[in-house]
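Undergrad: Please find one structure pasted underneath; my questions will follow.
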Amino acid sequence: MRNFGYTVARNPADAVRFAAGTPNSTFVAGGTDLLNLMRDGAEAHDHLVDVNRLGLDGIALDGAALRIGALARMRQVAEHREVRREFPVLSQALLASASPQVRNMAAIGGNLLQRTRCGYFRDPGSPCNKRVPGSGCPAIDGYNRGHAILGGSDHCIATHPSDLAVALTALDATVHLLGPDGTRAIPITELHLLPGATPHRETARRRGELITRVDVPRTGAAARSRYLKLRDRATFEFAVVSVAAALRLDGRTVRDVRLAFGGVGTRPWRDSRVEAALRGRSLTHPAIEAAGRVLVRDAEPREGNVFKVELVQRALASVLAELGGLR
Amino acid sequence: MTGLVGRGVERVDGRAKVTGAARYAADNEVSGVLHGALVSSTVARGEITELDPSAALASPGVVAVYTHQNLPRLTVPPDFPYPKSFVPLQDARIHHNGQPVAYVVAETLEQAQEAATLVRVRYRAERPTAHLVDALDEAFLPDEFRGRPNEHVRGDAAATLDQAEVRIEREYTSPTQHHNPIEPHTTTAVWNGNSLVLHESAQGVVLARKIVADAFAAFDPRPDVRVVSRYLGGGFGAKGPTWPHTLLTAAVARQARRPVRLVLTRAQMFTMTGHRAEYRRSLRLGATRTGRLTAVVDTSTAQLSRTEHSIFNSSDSTLHLYACPNVHVRQLGVRLDLPTSSYMRSPETTAHFGLETAMDELSYEVGIDPVELRVRNLNPRLPYRGKHLLECYRLAGRAFGWARRDPRPGSMCEGEEHVGWGMATELHTYNANASTAELVVGMDGRATLRTASQDIGTGTYTVVTQVVADGLGLPLDHVTTLLGDTAFPAASISAGSSTIPSVIGPVSQAARGARDAVVAIAVADPRSPLHGVPAGDVVTEHGYLFARGDRDRRDTYRAVLSRHGRPVELTGSTRNTPGHTFGAVFVEVRVRRRLGSVRVSRVVAAYDPGRVLNHRTARGQVIGGVAWGIGFALMEHTVVDPNTARVVNPNLSTYLVPVCADVPPVEAIFVDRPDPSSNALDARGFGETPGTGVPAAIGNAIFHATGRRLRDVPFTQDRLL
Ligand SMILES: Cc1cc2nc3c(=O)[nH]c(=O)nc-3n(C[C@H](O)[C@H](O)[C@H](O)COP(=O)(O)OP(=O)(O)OC[C@H]3O[C@@H](n4cnc5c(N)ncnc54)[C@H](O)[C@@H]3O)c2cc1C
Ligand code: SF4
């Protein structure tokens, strides 16, 4: 890791201005991903702008939405009483992430922008289109157990690793940004990009833009939501497959359902066709199975991850059966 | 004897470790030390065609860059414990991905690391072969390794198998695994004229000294080497051999004329040291309908490298564990473009995973309970040491509740979970090597024991202290144990569960000898209240010497020796013999029906290690061994890219080992009966016994839970969909 400069920004506008004016700089929040990337040689920056003291760490619930400051820590959000009551899927996704130590350090904005755990990406001794555009993707013919079956391209099949992003995707969250050209808000489904031919372009965030807040609308479904995470050991591990589900039933009929998937897509995966297959129908095992088939219709599995096609459908069935009280 | 031996005495070094007072090898402050960083190859096979260190040399703080072009020639030490078989940075050839190709030294660690990224290397690369499946047709029977042949024949297994009433023919596989001790390998080399001191993370300081001296054999004069390793943050076999980075650091420090420290990165630990080789095992069992084994053909195939052919995971257990007149064991190997493998905790595990799973398969085939099947096949020719294996089955089975087991697969369900019970025998072959210990009892009545053994985290400091205190009759805190330094009397490597069997004999011999010497001084001294008491009637306890029957007549170690005017010194050196330690492990698993995920929910194990010297540290080995077994069964897996033979998961975030939540409470039971055939106070080698049967027991429990027989570890949930 080479030497780099370090500046603590005092307010959001300063942070953005300073970053925009400093070549090869980036923001640092908890540093739990960034510093590992720099140590591993997957990223190199000449200057870090510390955004931990911008006063953006509040969590507030009003009539319309939950408003999470981008610098709130994972732990703070996970343990927040109203989050646990009204948005259980968020709390569960966070508590199933990383370790207590990491959750104490890591912030929400950093979590959404953490980078893929693809082993080739994090090893500068390997080629990788995402790290060095045009160098190739060794995962496609190599080790791809952890990789995506949905949304991949011939250039990259890496999954996005954030559990929180999956939960926020299910709940239609909005991401607020402050950039050199002012503020804007985008749906979280538009934050992460599909790899296509440019896997090094990962998000819709523009240069120097700071995530300031994430808003999660209050819905009836959110309060009845759940996160199921399947992984290769009991804790402290990323998802092999995960499902964030929110469900509102009217008797046995599905009034509202929101579903997002982790570990299977090149971005937190949401497919409105899957929800459409359930909405307005009676929640039965056959209906859930049909929805699962819709989800994997376009799946493009590789040798190592073909099992995810089946596993994600079973995970979906398991979580919906539980939420819907099906035996 | 004051009853200290056996007691679960707390770690005497515990406080130093939790407060940071314990100095591990890289913690030692060495003035003027330079920091090293290694550059490693990004191809697995080929040749360096161009190596340009100029950018690195121009980088701030860099003192030198050493490569095959400017490092003096070293001698390749003999195969054990230098299994690597070549020394890097001696020529342009590349034998595996991640091989060191340049060694940068700089004033600070960060400067060295940064400069290492600036060394430009070009290669002529050839396509490597990375996995056994890609070269099985090249399997061959390697020459013997460390005097052990790779083929064993008893009776006529092939012919008997053909006629067997029942036959089980199966393949079992296990992937490459890495030790991953929490403390990385580290070396600090300090030259003073022709003497070299190495602060080394080593499981065997004496052997490390020999290897380093051998590497410098062609130097004139040959250096005088001392190796120091006071504490080890885990070894698991990784630090048993000496690896090239140690030799290179010594050579580089000599060239630079400054002390040099190197700490391998976690990623480098996956290529610059050893690993457990990838294995395939074909097992063919022949048996009678009543479950008696008539023939076993065990053919294993291990990954070898292009430069050596050492087999580290032997199939010995197939020969010894069960009585079978016809056995044919063959240990084949396949050369791949990978680093050299080595010993890793409980080398038997690969063999046991196959054998103990096949025994379970046989139990279902013949309809005999798995425990009963094993009892029927117990080897009556096992030396004395096997006698209590039956007791282990009984004790652990009873504590587990095995008698209530309905053998039908899928017979136990709780809610969404299938519950399964499985068991396996545990067996480990331990070593015993010549060792010496030197004890000094000072005029202050305190004792200091020195031996060039090691505490690799297992508790040597504690157990040796107990034995000395017990033998002398001193309080524990009057005894200091000093280990891990070749300046002390030579002792065994701490590997193959050999520390206790090798060292305790000499230690207790020295302690008892010293005690007798002090008693003799006291009873001969007219100034002692014990003057004239027959030596045999003196009892020593808590630092006192008493006359048996009249405890008012007493003296103290301190008084006796201060009057004597000089310390008492005794050296112990006895030789023990290697042997086997047995046990039985019973496991309960829960498998989520639809999702296939497996959780180990209960483990009960019983062992016969002879006499238990410290119940706390022994139990620690059981918990650790079971955790290892769970890792082996459910997750551990070094991923090697099939096209580049490069490790894809060289870090603890993607090379998964169990976390606490994966390891249920473990009930450890000890038969705890002395084994008079071991001169280590009747204790046998134990540490690596627990765990050897755990992967098979887990797989057997999964079969019982689900009816699905898994033969390839790790048993990740996709295998159970
Ligand atoms: C061992 C380990 C295990 C883990 N397991 C999991 C897991 O199971 N599930 C999971 O979801 N995650 C897991 N993580 C990832 C962890 O959640 C992320 O590292 C963490 O959320 C990143 O947050 P941070 O504040 O530390 O971000 P940083 O590392 O500081 O930053 C990450 C990136 O975000 C940018 N950034 C940070 N804040 C902002 C902002 N406000 N605006 C714009 N850009 C910003 C930085 O420039 C950087 O590019 C794990 C991490 C580790 C180390
Ligand atoms: S999958 Fe994407 S991140 Fe991984 S190696 Fe290929 S291009 Fe790089």
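Undergrad: Test of understanding: among A:THR159, A:THR198, which residue is buried (at least 24 other Cβ atoms within 10 Å of the Cβ), touching a residue at least 40 places away in the same chain (Cβ under 8 Å), within 12 Å of ligand 2 (Cβ to nearest atom) and among the polar types (S, T, N, Q)? So that I can check it myself, show each step before the final result.
TA: On the way: A:THR198 fails: buried (at least 24 other Cβ atoms within 10 Å of the Cβ).
When all the criteria are applied, what remains is A:THR159.
Undergrad: Looking at segment B:88-116, I want the residues that are in a loop (DSSP other than H, G, I, E, B) and have a partner that is acidic (Asp, Glu) with Cβ atoms under 7 Å, at least 6 apart or on another chain. Which pairs are those?
TA: Between residues of segment B:88-116 that are in a loop (DSSP other than H, G, I, E, B) and residues that are acidic (Asp, Glu), the close pairs are B:ALA92/B:GLU47; B:HIS96/B:ASP337.
Undergrad: Checking A:ILE140 against (1) part of a loop (DSSP other than H, G, I, E, B); (2) within 11 Å of another protein chain (Cβ to nearest Cβ), which test does it fail?
TA: A:ILE140 satisfies all of (1) part of a loop (DSSP other than H, G, I, E, B); (2) within 11 Å of another protein chain (Cβ to nearest Cβ) except (1).
Undergrad: Are any residues in segment A:231-257 of a type in the set (A, V, I, L, M) and either touching a helix residue (DSSP H, G or I) at 6+ places or on another chain (Cβ under 6 Å) or more than 14 Å from chain B (Cβ to nearest Cβ) (or both), and if so, which ones?
TA: Once the filter is applied, which keeps residues that are of a type in the set (A, V, I, L, M) and either touching a helix residue (DSSP H, G or I) at 6+ places or on another chain (Cβ under 6 Å) or more than 14 Å from chain B (Cβ to nearest Cβ) (or both), segment A:231-257 yields A:ALA234, A:VAL241, A:VAL243, A:ALA244, A:ALA245, A:ALA246, A:LEU247, A:LEU249, A:VAL254, A:VAL257.
Undergrad: Hey, does segment B:479-490 have a residue that's assigned to a helix (DSSP H, G or I) and not assigned by TED's automatic domain parsing to the domain that holds B:ALA618? I'd like the intermediate steps shown before the answer.
TA: We begin by selecting, within segment B:479-490, every residue assigned to a helix (DSSP H, G or I); these are none.
Taking every residue of segment B:479-490 in turn, none turns out to be assigned to a helix (DSSP H, G or I) and not assigned by TED's automatic domain parsing to the domain that holds B:ALA618.
Undergrad: Kindly provide the set of residues from segment A:118-144 that are more than 9 Å from ligand 2 (Cβ to nearest atom) and within 24 Å of A:VAL166 (Cβ to Cβ), ordered by number.
TA: The one that is more than 9 Å from ligand 2 (Cβ to nearest atom) and within 24 Å of A:VAL166 (Cβ to Cβ): A:TYR143.
Undergrad: Can you go through B:GLY693, B:GLY631, B:GLY687, B:GLY699 and tell me which one is within 30 Å of B:THR465 (Cα to Cα), out of contact with any Cys (no Cβ under 9 Å at 6 or more places or on another chain) and crowded, with 22+ Cβ neighbours inside 10 Å?
TA: Numbers: B:GLY693 fails: within 30 Å of B:THR465 (Cα to Cα); B:GLY631 fails: within 30 Å of B:THR465 (Cα to Cα); B:GLY699 fails: within 30 Å of B:THR465 (Cα to Cα).
Matching residue, one of B:GLY693, B:GLY631, B:GLY687, B:GLY699: B:GLY687.
Undergrad: State whether the residues of segment B:680-693 include one that is farther than 14 Å from B:GLY583 by Cβ and either within 14 Å of chain A (Cβ to nearest Cβ) or free of Cβ contacts under 8 Å to residues at least 12 places away in the same chain (or both). Steps first, please.
TA: The first filter runs over segment B:680-693 and keeps only residues farther than 14 Å from B:GLY583 by Cβ, leaving B:680-683.
Those left that are additionally either within 14 Å of chain A (Cβ to nearest Cβ) or free of Cβ contacts under 8 Å to residues at least 12 places away in the same chain (or both): none.
Checked segment B:680-693: no residue is farther than 14 Å from B:GLY583 by Cβ and either within 14 Å of chain A (Cβ to nearest Cβ) or free of Cβ contacts under 8 Å to residues at least 12 places away in the same chain (or both).
Undergrad: Moving on. Determine if segment A:298-317 includes at least one residue that is free of Cβ contacts under 8 Å to residues at least 40 places away in the same chain and away from chain B (no Cβ under 14 Å).
TA: Within segment A:298-317, not a single residue is free of Cβ contacts under 8 Å to residues at least 40 places away in the same chain and away from chain B (no Cβ under 14 Å).
Undergrad: Test each condition in (1) within 14 Å of chain A (Cβ to nearest Cβ); (2) assigned to a loop (DSSP other than H, G, I, E, B) for B:VAL591 and report the one that comes out false.
TA: (2)
Undergrad: Only one of B:ARG127, B:ARG122 is surrounded by fewer than 18 Cβ atoms within 10 Å (Cβ to Cβ), among the basic types (Lys, Arg), over 29 Å from the mean Cα position of the chain (by Cα) and assigned to a loop (DSSP other than H, G, I, E, B); which? Spell out how you get there, then give the answer.
TA: Values: B:ARG122 fails: assigned to a loop (DSSP other than H, G, I, E, B).
It is B:ARG127.
Undergrad: In segment A:26-47, is there at least one residue being assigned to a strand (DSSP E or B) and small (Gly, Ala, Ser)?
TA: Residues of segment A:26-47 that are assigned to a strand (DSSP E or B), as a first pass: A:26-28, A:47.
Subset that is small (Gly, Ala, Ser): none.
No.
Undergrad: While we're looking at this one, here's another question. Exactly one condition in (1) over 20 Å from the mean Cα position of the chain (by Cα); (2) away from ligand 2 (no atom under 16 Å from the Cβ); (3) more than 29 Å from B:CYS660 (Cα to Cα) is not met by A:GLY41; state its number.
TA: (2)
Undergrad: Separate question: Only one of (1) in a loop (DSSP other than H, G, I, E, B); (2) free of Cβ contacts under 8 Å to residues at least 24 places away in the same chain fails for A:ALA60. Which number is that?
TA: Checking A:ALA60 against (1) in a loop (DSSP other than H, G, I, E, B); (2) free of Cβ contacts under 8 Å to residues at least 24 places away in the same chain, the one that fails is (1).
Undergrad: Looking at B:GLU169, B:GLU144, B:GLU165, B:GLU151, which is the one that is modelled with pLDDT under 95 and surrounded by fewer than 21 Cβ atoms within 10 Å (Cβ to Cβ)?
TA: Numbers: B:GLU169 fails: modelled with pLDDT under 95; B:GLU165 fails: modelled with pLDDT under 95; B:GLU151 fails: modelled with pLDDT under 95.
B:GLU144 is the lone residue from the list that is modelled with pLDDT under 95 and surrounded by fewer than 21 Cβ atoms within 10 Å (Cβ to Cβ).
Undergrad: If the requirement is being at pLDDT below 95, buried (at least 19 other Cβ atoms within 10 Å of the Cβ) and either within 14 Å of ligand 1 (Cβ to nearest atom) or farther than 30 Å from A:ASP298 by Cβ (or both), which of these qualifies: A:GLY146, A:GLY208? First the steps, then the outcome.
TA: Values: A:GLY146 fails: at pLDDT below 95.
The match here is A:GLY208.
Undergrad: Looking at B:LEU373, B:LEU355, which one is surrounded by fewer than 24 Cβ atoms within 10 Å (Cβ to Cβ) and part of a helix (DSSP H, G or I)?
TA: Numbers: B:LEU355 fails: surrounded by fewer than 24 Cβ atoms within 10 Å (Cβ to Cβ).
So the residue among B:LEU373, B:LEU355 that is surrounded by fewer than 24 Cβ atoms within 10 Å (Cβ to Cβ) and part of a helix (DSSP H, G or I) is B:LEU373.
Undergrad: A further question follows. If a residue has to be surrounded by fewer than 22 Cβ atoms within 10 Å (Cβ to Cβ), away from ligand 1 (no atom under 16 Å from the Cβ) and not aliphatic (A, V, I, L, M) to count, how many in segment A:109-142 make the cut?
TA: 8
Undergrad: Moving on. Checking A:ILE108 against (1) within 22 Å of A:GLU190 (Cα to Cα); (2) within 9 Å of ligand 2 (Cβ to nearest atom); (3) β-branched (Val, Ile, Thr), which test does it fail?
TA: It fails just one condition, (2).
Undergrad: Still on this model: When you look at B:ARG408, is it without any contact (Cβ under 8 Å) to a residue 12 or more places away in the chain, of a type outside the set (Ser, Thr, Tyr) and not in a helix (DSSP H, G or I), yes or no?
TA: Details: without any contact (Cβ under 8 Å) to a residue 12 or more places away in the chain: yes; of a type outside the set (Ser, Thr, Tyr): yes; not in a helix (DSSP H, G or I): yes.
Judged against the criteria, B:ARG408 is a match.
Undergrad: If you take the residues in segment B:430-454 that are crowded, with 24+ Cβ neighbours inside 10 Å, of a type outside the set (Gly, Ala, Ser) and within 21 Å of the chain's Cα centre (by Cα), which one is farthest from B:VAL228 (Cα to Cα)? First the steps, then the outcome.
TA: Taking segment B:430-454 as the starting set, the residues that turn out to be crowded, with 24+ Cβ neighbours inside 10 Å are B:430, B:432, B:435, B:437, B:439, B:441, B:447, B:449, B:451-454.
Subsequent filtering for residues that are of a type outside the set (Gly, Ala, Ser) retains B:430, B:439, B:441, B:449, B:451, B:454.
Keeping just the survivors that are within 21 Å of the chain's Cα centre (by Cα) gives B:430, B:451, B:454.
On the way: B:TYR430: 25, B:THR451: 12, B:GLN454: 10 Å.
Per the stated criteria, the residue is B:TYR430.
The values are calculated or read from the model by the stated rules, or taken from the named source; none is laboratory data. Because the structure is a prediction, the values reported are computed rather than measured. With ideal geometry, Cβ positions are generated from the backbone for all residues, glycine too; neighbour counts draw on all protein chains shown.
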